[in-house]
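Below is one structure; the comments refer to it alone.
The values are calculated or read from the model by the stated rules, or taken from the named source; none is laboratory data. Given the structure is predicted, the values throughout are model-derived calculations rather than measurements. All Cβ positions, even for glycine, are placed from backbone atoms using ideal geometry, and neighbour counts span all protein chains on display. For accessibility, only protein heavy atoms count, side chains too; no ligands or nucleic acids. Shrake-Rupley method; radii C 1.70, N 1.55, O 1.52, S 1.80 Å.
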Amino acid sequence: MPMAKIDGGDIHYERDGAGHPMIMLLPQSSGPVGTALFLDQLASDFSVIRYDQRGTGQSAPAPSEDAMSMAGRAGEVVGVMDALEIERAHLCCHSTGCGIGLSVASAHPDRTAGLVLINPWQYGDGHLTTMQQLRIAAARGLDPYRYAWFNASLLFPPDYRRKHEGGFEEMAEAAKSNPQDANQIAQRLNAILAYDSRPVTPSLDCPTMIATGADDQLMPAWFGRAMAETISDVTLFELDGGGHMLPETRGEEIAMEITKFLSRLG
């Protein structure tokens with residue numbers, strides 16, 4: 001069980017593949033298929049590093065609520081890079097990870113080779129605030145089975161849920177023995193709402209790719225489009241579907257576009 005020894009608590013990580021280092025900043029949520037195909041395809045070209053954020057998985061607990069902010073999570077990324085003696089890395093970010101990646105690229109531009117933002121948000125506008133408050137209310141009010149299905153209905157498009165209905169049902173049944181922590185969910189979602197990328201993106205100094213899904217209900221494509229207008233070196237890749245969980249629902253396609261984008265950087 002490899003652990004990165006850093007200040008504030010050890011972090012569990014896994015490393016696959018060879019090539020230029022790529023730090024994966026993925027959310028905790030996943031569906032019945034997961035992101036294995038997405039990660040395996042990237043590992044054929046890059047050294048892919050995944051890690052458990054503090055307070056999750058096999059990593060140490062988060063030392064404070066501030067450590068769960070985007071800036072606090074960015075410190076974890078730099079700590080992992082230091083522990084693994086990585087000078088510069090690509091950051092592949094999805095959802096919450098986009099705020100973390102932007103925080104790293106802003107505070108440590110010399111450590112960021114390329115930045116990939118999948119299903120990003122720009123700031124806590126009326127839509128996102130309403131959606132996150134609904135998620136918090138659902139986490140507090142629904143039993144684990146119904147909360148699992150509620151989350152799935154928000155994150156995945158109907159055709160994907162229909163195709164994998166049995167898998168989602170198994171996940172909902174399993175949630176009964178591992179109920180959601182509503183307070184932790186509220187802290188995580190409020191940290192998203194507290195982050196505003198608008199002061200950050202105009203001064204980004206690294207090549208950036210943004211990928212959006214036209215049917216993303218949580219962080220709609222308008223965020224990615226608006227963000228792209230403020231970044232000097234940007235590639236915008238818009239998909240016609242796939243919902244919020246593109247690394248799972250459109251994983252192979254996204255991985256190919258990421259590889260194509262980053263290959264021009266050498």
Point to revise | Accessible-area composition of the range 120-266, carbon plus sulfur, in percent [1.4 Å probe] | key: 50 percent
Check your understanding: Along the charge dipole of the chain, which of L193, P207, G241 sits closest to the positive end, that is, farthest toward it, with unit charges on the beta carbon of Lys, Arg, Asp and Glu (+1, +1, -1, -1)?
Key -> L193
Practice item. Go through E65, E76, E257 and list them by solvent-accessible area, largest first, probe radius 1.4 Å. Key: E65, E257, E76
**Study point:** Per principal axis, descending, Cα span of the range 1-148 in whole Å
**Key:** 44, 32, 30
**Study point:** Solvent-accessible area per residue for the range 3-102 (1.4 angstrom probe, square angstrom)
**Key:** 40 Å²
Exercise for review: Give the Debye-formula value of log10 I(q)/I(0) at each listed q (0.18, 0.24 Å⁻¹), with one equal scatterer per alpha carbon of the range 72-177, two decimals each.
Suggested key: -0.95, -1.15
Review point. Of all DSSP beta bridges located in the chain, what percent are antiparallel, nearest 5?
Key: 20 percent
Check your understanding: Along each of its three principal axes, how wide is the spread of alpha-carbon positions in the range 125-185, in whole angstrom units, largest first?
Key -> 33, 27, 14
Check your understanding: Can you put W149, W121, W222 in order of accessible area, largest first, using a 1.4 Å probe?
Key -> W222, W149, W121
Check your understanding: So what's the back-of-envelope 222 nm ellipticity for the chain, counting only DSSP H runs of four-plus at -39500 (n - 2.57) apiece and dividing by all residues, rounded to 500?
Key -> -13000 deg cm²/dmol
Exercise for review: Give the carbon-plus-sulfur fraction of the accessible surface of the range 17-111 in %, rounded to a whole number; probe 1.4 Å, heavy atoms of protein chains only.
Suggested key: 48 percent
Check your understanding: Nearest 20 debye, what's the magnitude of the dipole of the range 108-266 about its Cα centre given +1 on Lys and Arg Cβ and -1 on Asp and Glu Cβ?
Key -> 300 debye
Review point. Hey, any idea what the orientation-averaged projected area of the convex hull of the range 140-266's Cα atoms comes to, in nm²?
Key: 9.3 nm²
Review point. Can you list the aspartates and glutamates whose alpha carbon sits under 13 Å from that of K176, skipping same-chain ones fewer than 8 residues off?
Key: D143
Review point. Which one is right for this structure if percent of Cα pairs over 31 Å apart is calculated from it: (i) 20; (ii) 26; (iii) 30?
Key: (i)
Review point. What is the dipole size for the chain, taken about its Cα centre, with +1 at each Lys and Arg Cβ and -1 at each Asp and Glu Cβ, in debye to the nearest 20?
Key: 320 debye
Revision key, fill the gap. For R225 and A18, extending 7 Å from Cα along the Cα-Cβ vector and measuring point to point gives, in nm, a value of 4.4 nm
